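Asker: This is the structure I have questions about; it appears just below.
We did not get these values from a lab; they are worked out from the coordinates using the rules stated. Keep in mind the model is a prediction, meaning the values are calculated, not measured. Cβ atoms come from the backbone with ideal geometry, glycine included; neighbour counts cover every protein chain shown.
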2 protein chains.
Amino acid sequence: MSWLAPLLILTPPLGGPGGSTCGRAPLTPPYLKNPLFLKAYILTVGDEILIGQVTDTNATFMAAALNEAGYEVVEHLSVADSREGIMNGLARALESADVVLMTGGLGPTKDDITKKVLADYFETDLVFHAETWDRLQAFYRQFGREAAPHHREQCELPASATILTNLRGTAPGMWLERDGKVVISMPGVPYEMRKLVRDEALPRLAEYNQDDVLQRSLTILTAGAGESVIAEQIAPVEDSMPEHMSLAYLPDLGTVRLRITTRGTDEARLQAELTDVREQIEAIIGELIYGYGPKNLAQCVGERLLAAGKTVVTAESCTGGMISSMITANAGSSAYFLGGVVSYSNPLKQSLLGVKAATLKKHGAVSEATVREMAEGARKKLGADYAMAASGIAGPDGGTPEKPVGTIWIAVAGPEGTQTQLLQAGKDRKRNIIYTAHQALNLLRRVVKA
Amino acid sequence: MSWLAPLLILTPPLGGPGGSTCGRAPLTPPYLKNPLFLKAYILTVGDEILIGQVTDTNATFMAAALNEAGYEVVEHLSVADSREGIMNGLARALESADVVLMTGGLGPTKDDITKKVLADYFETDLVFHAETWDRLQAFYRQFGREAAPHHREQCELPASATILTNLRGTAPGMWLERDGKVVISMPGVPYEMRKLVRDEALPRLAEYNQDDVLQRSLTILTAGAGESVIAEQIAPVEDSMPEHMSLAYLPDLGTVRLRITTRGTDEARLQAELTDVREQIEAIIGELIYGYGPKNLAQCVGERLLAAGKTVVTAESCTGGMISSMITANAGSSAYFLGGVVSYSNPLKQSLLGVKAATLKKHGAVSEATVREMAEGARKKLGADYAMAASGIAGPDGGTPEKPVGTIWIAVAGPEGTQTQLLQAGKDRKRNIIYTAHQALNLLRRVVKA
């Protein structure tokens, strides 16, 4: 069923041995008062976080941005939309760090009290900020609406704050200082916060702190083996790394990202250290590596297709459009992705892809024979160099003793023939769909020669 | 272009006025020492969180589970994989709350030190737990592998801890008590942690605490209007709610969930309160409501199709499979979803959907004429009662002065004819894709009579 050499290490089935989500800790841990780094604190305000209504992706974004800029994030704390919660949080943050990035509590609705608490904490008054009101009125006018009276309240801001213009929304950011420490307060809307961090907070902090310590990292992207298997393989590399470097494992349903980080003051030396570790890892698990840096699997496979001047189409059953969705999430994918078919029903497998009625009858929709005909049919009917196909039982129901939930076939058809692979996944529908899409993309990666 | 009555309130374009992510705060806020509720604390351990490599979805899950069980989550704190970080975090958690749920730091890799710190904090020793070692060996054997020596270390556990069996992974959970307070430590792998919370932590806590205060909530799902517009419309309802009830707004790219929460000891009264507020809201924004409870838009539209005995197919260009992916994320969708076409290239729009070459030439791929032919072609060729179609410029590039990035046409073809709608979205590709999929599903919802 395969002319490809077996992968160095096979992926354990979903639901199999997992292990922790992180590798060796950075050896310059928080609380050790590493003099090289300024300490940063992330404080997010909002009942919606504490009642589990929203996932705090703002904290992730701020943590990554602060680390990239060379700060050490000592803690992340989420507090309630209450005066006591915010006061308490600010106290802990300013005790632990030099810079505090906080989000939330700046909207027009009544519970958003962050700025009032900030004014009290920094012993200043709220004053009407005419410039913000002008901007806010203009902001609404461009959408053919008028600023409402409750928006006027958003322009009452702490007198001692430097106002950071929010080009994507109504509530401005605020920069406040005390005893050489800085608190930057931003709205909780992710899209607004991100622009404020990138364009206002970080550039101003760089100027304010004049820090010359650098942090550099490199991410190696792998697919086809689990975290603990990779960890065992590259243990010698990890063990020989110098004290100021670290390695972290980030598994995600059939893929694992390895992030190498180093810190110091000499750019050339940091780059050389990263290159050295990267080359050692490549020598051991090179076949699993699909790319580097902040990219996704579909994007890297797309780059490979683009380089080879090849096109691809999809024929999806159990993945229901997830494979094409992952491909088209990347800008520019129309250069190599022509389209696809979601053949959820058997009649559409026949009419759109040319799967034979006899094949479906004899082997069933979830079978090597069907997935092969799906891939080959898509390649031919949609006119591409390659086609990926998937058919399986995503769950949670629909299994049989012979084909339990998680039985999934994938195939890649190309100029050299068709590869098929049987996956044995778990019972979680959403995980199975993403896992299958990753496996199909990885099979295509291995077939398309770079 | 539409025979449907215009929506009560139109959606502002993406990138338009946003507002905060949360409505009025619960009026029984944390720190007010509400005697009705036991306080809970969420403590997550892991450098990967503080460097922004992973989003802390564990915290969201635990927060929702604790709230549902009637706890008040006072704070969520993320600390580093260091002794000082964990000690410090435990101290704050036990000072602030009665119950601490913590995750992370229990894997086999060297940086995972939570259990050592827990043993010290609770003044107990680590002892070898033979039962866990037996389970672990059996666990690996079922995947045809052997437990490695470093897994044996995972069986060294605090002597005074009650061990919570982790059926989905290797590291067990631990229950530790001091001064009537409880710390439950669990592995950070989300899939393992979730099962431990549901099957071990919460049932044991219920028995331990014998709490008779109830929290009940109801979520109203809306699409077609922004958060601040809805907030203005239903302000009278919100203002007249009793003190112990709260309302939160959860916007997500063209949809807004409204969550009403109430607390007390009388089940019947709580249900009556929720019903009363729900009916008041329905009377004002009924047309925007697509469902109730923890459901997604695609699922609710699917239920409507199922009830009507109708089927649907998709014809996607700029959404690249996102619409079908949202539909098929729901188990049982094969009862109403037949399949779809991702016609990313113009030739596939013609060959798979029958879009006319003349239409593409005269109006372009992003036009009302093309999206109409896509929907009508899909409905006819794929043989369903309804078809959804989308074609647009998702961005970030590819716009022209006449059709800037974010210009997107959607259509729904059905037995009564075809509806089209022009969306004006922003420049963020991923947001535009999800927003468009939501709008297409909402257009279908309005067309299919319940």
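Asker: Report the one residue of A:Gly364, B:Val183, B:Ser334 whose Cα lies farthest in the direction of the positive end of the charge dipole of the protein assembly as shown (charges on C-beta: Lys and Arg +1, Asp and Glu -1; origin at the Cα centre).
Answerer: Most positive-ward Cα: A:Gly364.
Asker: Taking the Cα atoms only, what angle lies between the long axis of helix B:368-382 and the longest principal axis of chain B, rounded to 10 degrees?
Answerer: In chain B, helix B:368-382 runs at an angle near 80 degrees to the longest axis.
Asker: Moving on. Every other copy gets compared here: list the nm distances from the A:Pro347 label point (7 Å along Cα to Cβ) to its counterparts, shortest first, one decimal.
Answerer: 2.9
Asker: Over the Cα atoms of the protein assembly as shown, each weighted equally, I'd like the Debye log10 I(q)/I(0) at q = 0.05, 0.08 Å⁻¹, rounded to two decimals.
Answerer: Per q value, in the given order, log10 I(q)/I(0) is -0.28, -0.77.
Asker: In the structure shown, do any of B:Lys356/B:Lys381; A:Lys356/A:Lys381; A:Lys403/B:Lys310; B:Lys403/B:Lys427; A:Lys356/A:Lys427 have a Cα-Cα gap over 18 Å, and if so which?
Answerer: A:Lys403/B:Lys310; A:Lys356/A:Lys427
Asker: Can you compute log10 of I(q)/I(0) for region B:39-209 with the Debye formula, treating each Cα as one identical point scatterer, at q = 0.10 Å⁻¹?
Answerer: Normalising to I(0) and taking log10 leaves -0.34.
Asker: Mean shadow of chain A, computed from the convex hull of its alpha carbons, in nm²?
Answerer: Over all viewing directions, chain A projects a mean Cα-hull area of 25.5 nm².
Asker: Starting from the Cα of B:Gln233, step 7 Å along the direction of its Cβ; do the same at A:Glu84; then give the gap between the two resulting points in nm.
Answerer: Using points 7 Å along Cα→Cβ, the separation is 3.7 nm.
Asker: Take the Cα gyration tensor of region A:215-292, multiply each eigenvalue by 5, square-root it, and list the three semi-axes largest first, rounded to whole angstrom.
Answerer: In descending order the semi-axes read 21, 12, 11 Å.
Asker: Please list, by residue number, every one of the GluC sites (Glu not before Pro) in region A:198-307 that is coil in DSSP and has at most 14 other beta-carbon atoms within 10 Å.
Answerer: When the GluC sites (Glu not before Pro) of region A:198-307 are filtered for loop state and at most 14 Cβ neighbours within 10 Å, A:Glu243 remain.
Asker: Now, a different point. If I fit a long axis through the Cα atoms of helix B:130-141 and take the longest principal axis of the Cα atoms of chain B, what angle between them do I get, 0 to 90°, rounded to 10?
Answerer: Its long axis makes an angle of about 30 degrees.
Asker: Would you calculate, for chain A, the mean residue ellipticity at 222 nm contributed by helices, counting each DSSP H stretch of 4 or more residues as -39,500 (n - 2.57) and dividing by all residues, to the nearest 500?
Answerer: Mean residue ellipticity, 222 nm, calculated: -11000 deg cm²/dmol.
Asker: Filter the chymotrypsin sites (Phe, Trp or Tyr not before Pro) in region B:100-199 to those in DSSP coil with at most 15 other Cβ atoms within 10 Å of their Cβ, and list the result.
Answerer: Working: sites: B:Tyr121, B:Phe122, B:Phe128, B:Trp133, B:Phe139, B:Tyr140, B:Phe143, B:Trp175, B:Tyr191; in loops: B:Phe122, B:Phe143.
The qualifying sites are B:Phe143.
Asker: R0 = 41 Å: FRET efficiency of A:Asn209 with B:Thr165, Cβ-based, nearest 0.05?
Answerer: 0.25
Asker: Here's another thing I want to ask about it. Between A:Ala272 and the same site in the other copies, what are the distances in nm, shortest first, taking label points 7 Å from Cα along the C-beta direction?
Answerer: Spelled out, the distances from A:Ala272's label point are 7.9 nm.
Asker: Among A:Ala223, A:Asn67, A:Ala148, which residue has its Cα positioned farthest towards the positive end of the charge dipole of the protein assembly as shown, with +1 placed on the Cβ of Lys and Arg, -1 on the Cβ of Asp and Glu, and the dipole taken about the Cα centre?
Answerer: Of the options given, the answer is A:Ala223.
Asker: Write down the percent of antiparallel bridges among all DSSP beta bridges whose residues are both part of the protein assembly as shown, to the nearest 5.
Answerer: Percent antiparallel among DSSP bridges in the protein assembly as shown is about 65.
Asker: At A:Gly332, label 7 Å along Cα→Cβ: distances to the other copies, nm, ascending?
Answerer: 4.4
Asker: Using label points projected 7 Å from each Cα along Cα→Cβ, tell me how many nm separate A:Asp397 and A:Asp276, to one decimal.
Answerer: 6.0
Asker: Another question, then. Arranged by the count of other C-beta atoms within 10 angstrom, fewest first, what order do A:Ile234, B:Ile230 take?
Answerer: Working: A:Ile234 21, B:Ile230 24.
Least crowded to most crowded, the residues run A:Ile234, B:Ile230.
Asker: Looking at region A:347-442, which GluC sites (Glu not before Pro) are in a loop (DSSP not H, G, I, E or B) and have at most 16 other Cβ atoms within 10 Å?
Answerer: A:Glu402, A:Glu416
Asker: Extent of region B:257-372 along each principal axis, from alpha carbon coordinates, in Å, largest to smallest?
Answerer: Projected onto its principal axes, the Cα set of region B:257-372 covers 66, 29, 23 Å.
Asker: So, one more: In whole Å, what is the distance between the alpha-carbon centres of region B:371-432 and region A:46-76?
Answerer: 35
Asker: List the residue from chain A whose beta-carbon is nearest to the axis that rotates chain A onto chain B, together with that distance in whole Å.
Answerer: Output: A:Gly321, 2.
Asker: On to the next question. Can you give the angle from 0 to 90° between the axis of helix A:267-285 and the longest principal axis of chain A, with both taken from C-alpha atoms, to the nearest 10?
Answerer: So the inclination is approximately 30 degrees.
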